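Nothing in this text is a laboratory measurement; each read-out follows from the coordinates by a stated rule. All values reported here derive from a predicted model rather than from experimental measurement. Virtual Cβ from ideal backbone geometry, glycine too; neighbours counted across all protein chains shown.
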Amino acid sequence: MPNTALFQLGMDLAARVEEGTNCVAGPRSTTQKEELNSAVSKATEADDRLDHFIEREGVRCAGAHLIIDLYDAERLDDLNFMEETLRRCVDEAGATLLHIHLHPFEPTGVSGVAVLAESHISVHTWPEVGYAAFDVFMCGDAMPEKCVDVLNEAFKPGRSAVSELLRGKEVE
């Protein structure tokens, strides 16, 4: 029986290389190492590098990680709306959704993650002050920048701020 907490975080997913994506989902246990190694070998035969690093602004990196802050935003406590919005982000970015887990807090607030084959989108909200913090990290062909417009349209912030980190720039 899977560990419920790990399953809720999307960590109990079978190891696989997602066809058409650029990332590998890791093993859920050491017994799956052989299965993962086999998948990696097959994918490597089709492509010189399995990592599918990207080039952004002339820099080769593992992926783009956007830090998105929304201020004076609306509907930050609406769990169903948050899930719909995360799904729209995934679709617009051309990513592959593996699992969404959202947790409502009392009296207000939501924290959660959309686990992607390409990495993740996480969210933490403080509705009492209209603030939301989103992290959008994606590798390969996914377009994390598409999430910015989706989030601004959905939560109608008075102001938003976006920072980009290029992850894995020093990997040879």
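Search the structure for amide H atoms under 5 Å from the amide H of His99, placed 1.01 Å from N in the peptide plane, and list their residues when 5 or more places away or on another chain.
Result for His99 returns Val115.
Given points 7 Å out from each Cα along the Cα-Cβ axis, report the Glu55 to Leu102 separation in nanometres with one decimal.
3.9
Within the stretch 64-129, report the GluC sites (Glu not before Pro) that DSSP leaves as loop and that have at most 16 other Cβ atoms within 10 Å. Mind showing how you got there, number by number?
Details: sites: Glu74, Glu83, Glu84, Glu92, Glu118, Glu128; in loops: Glu74, Glu118.
Sparse-neighbourhood loop GluC sites (Glu not before Pro): Glu74.
Tell me whether the stretch 42-172 comes out rounded, prolate or oblate; compute the Cα gyration tensor, take square roots of the eigenvalues as a ≥ b ≥ c, and use a/c under 1.5 as the rounded threshold. Show your work: numbers first, answer last.
Numbers: a/c = 2.56, a/b = 1.86, b/c = 1.38.
Because a/c hits 1.5 or more and a/b exceeds b/c, the stretch 42-172 counts as prolate.
Mind giving me the FRET efficiency for Glu83 and Glu170? R0 is 30 Å, r the Cβ-Cβ distance, nearest 0.05 is fine.
0.25
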